[in-house]
1. Charges on Cβ only, +1 for Lys and Arg, -1 for Asp and Glu, centred on the Cα centroid of the chain; of 1, 97, 208, which one is farthest towards the dipole's positive end?
2. Under 14 Å from a point placed 7 Å out from the Cα of residue 200 along the Cα-to-Cβ direction: which residues of segment 143-163 have their backbone N that close?
3. If a/c stays under 1.5 just call it rounded; otherwise compare a/b with b/c (prolate if a/b is bigger, oblate if not). Do that for segment 151-203, with a ≥ b ≥ c from the square roots of the Cα gyration tensor eigenvalues.
4. Considering Cα pairs under 8 angstrom that are at least six residues apart, work out the relative contact order of segment 2-208 and quote it in whole percent.
5. Once a ≥ b ≥ c are taken as the square roots of the eigenvalues of the Cα gyration tensor of the chain, is the result rounded (a/c under 1.5), prolate (a/b larger than b/c) or oblate (a/b not larger than b/c)?
6. Just subtract the alpha-carbon distance of residue 21 and residue 173 from 0.36 nm times their residue separation and send over the number in nm, one decimal.
7. Just report the Cα centroid separation between segment 104-134 and segment 1-80, whole Å.
8. Evaluate the distance, in nm, between pseudo-label points positioned 7 Å from the Cα of residue 96 and of residue 4 along their respective Cα→Cβ axes.
Amino acid sequence: MKYQTIPVTAFSQNCTLLWSEASGDAALVDPGGEAEKIKQAVAQAGVTVKQILLTHGHLDHVGAAAELADYFQVAIKGPQRDDAFWLDGLPAQSRMFGLDDCQPLTPDEWLDEGDTVTIGDVHLSVLHCPGHTPGHIVFFIESDRLAISGDVIFKGGVGRSDFPQGNHEALIQSITAKLLPLGDDVAFIPGHGPMSTLGEERLTNPFLQGITVG
């Protein structure tokens, strides 16, 4: 498996291009905007996009999903159904942040805890991790000890929970019960900022100190 992060939008959101080295089949995770930049990255990688995956329904993570799904003629999968509120409200999100108008979006397939997404010979396990949004999911690739965490956890921080339907207690529970038990060696690609490992965050992240794992 190989991957590349593509920072997009004024929020420097990490869109991830993930692909199987064996087949060249690929997925785009959280294409938040700048569709032309993402198309160019796909062309340069020489891979074939087979699906678009969404961790949650915030505009900076889904803004280019519909356009790219149409361009590549692929399905959109995720997030978990409880984020329908955010996907239905994309026009309002566009106005709120002064960005290009984004129409409501319904994915071709909602994802939930225990689901598996396959990209060639790469298998992504789905973890439902509410808190930042109620339907937020994280993708975990066991074979590569890699997670794509969206806005649940960052290097030195955690996702905001002051948006509508956010819940800080649920967010911390998602991290301690779902993510940290995956193992200290697991690296993660966050929705914004640099990569880190769960072990580093367990030891140094100020939001996780004094909290029992599991």
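Read-outs throughout are calculated quantities, based only on the coordinates presented, and are distinct from any laboratory measurement. Source: prediction; values computed, not measured. No Cβ is skipped: glycine too gets one built from the backbone with ideal geometry, and neighbour counts run over all protein chains shown.
1. So the residue furthest toward the plus end is 208.
2. Only 147, 154-157 pass the distance filter.
3. oblate
4. 16 percent
5. It is oblate, given that a/c is not under 1.5 and a/b is not larger than b/c.
6. 51.2 nm
7. Centre-to-centre distance over Cα atoms comes out at 14 Å.
8. Label-label distance for residue 96 and residue 4, simple model: 3.2 nm.
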